[in-house]
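Quick notes on the structure that follows.
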Amino acid sequence: MAKAKEGDRVKVYFTGTLGDGTIFGQTHEDEPFEFTIGEKSVLPKFEGAVIGMKEGENKAILIAPEDAYGPRDKERVFTAEKSEIPDHITPEIGKKIQVQMGSGEMAILTVLEVS
């Protein structure tokens, strides 16, 4: 069985949790997360963990905040319309949602208010 390498298009299932166990993002059984290794569309530490994995392999990794999105920045708080949130996600105060931005960059959003 081949190992994942740069240039490969891969599909992964994951559950991302914070230090307190709060789930901030996860895939669903019928919707794997798909990306091409080397395109820099995911966190480098996440991509590095996928490199070398074989189909069906499981792995647990820890990504420190400084290797992810960094500390919270009040300058990056914005309002999103409900229509911009995927249908399978119910926005609830405090919920963490992982989204792909228009630039292709992945971001974790925290719901601060629902109106």
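Number of residues in the stretch 1-30 that are over 30 Å from I93 (Cβ atoms), acidic (D, E) and surrounded by fewer than 10 Cβ atoms within 10 Å (Cβ to Cβ) equals 0.
Residues are listed down the side, and each one gets a yes or a no for (1) in contact (Cβ under 8 Å) with a residue 12 or more places away in the chain; (2) out of contact with any Asp or Glu (no Cβ under 9 Å at 6 or more places or on another chain); (3) not in a loop (DSSP other than H, G, I, E, B):
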position: D20; (1), (2), (3): no, yes, no
position: F24; (1), (2), (3): yes, yes, yes
position: F35; (1), (2), (3): yes, no, yes
position: A49; (1), (2), (3): yes, yes, yes
position: E57; (1), (2), (3): no, yes, no
position: L62; (1), (2), (3): no, yes, no
position: E75; (1), (2), (3): no, yes, yes
position: S83; (1), (2), (3): no, yes, yes
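Restricted to the stretch 83-96, and to residues that are surrounded by 10 or more Cβ atoms within 10 Å (Cβ to Cβ) and modelled with pLDDT under 80, which residue is nearest to the chain's Cα centre (by Cα)? The residue in question is K96. Across the stretch 64-73, the qualifying residues are those that are under 15 Å from the mean Cα position of the chain (by Cα) and in a loop (DSSP other than H, G, I, E, B), and the one among them that is surrounded by the fewest Cβ atoms within 10 Å (Cβ to Cβ) is A64.
The values are calculated or read from the model by the stated rules, or taken from the named source; none is laboratory data. Since this is a predicted model, take the numbers as computed values, not measurements. Cβ atoms come from the backbone with ideal geometry, glycine included; neighbour counts cover every protein chain shown.
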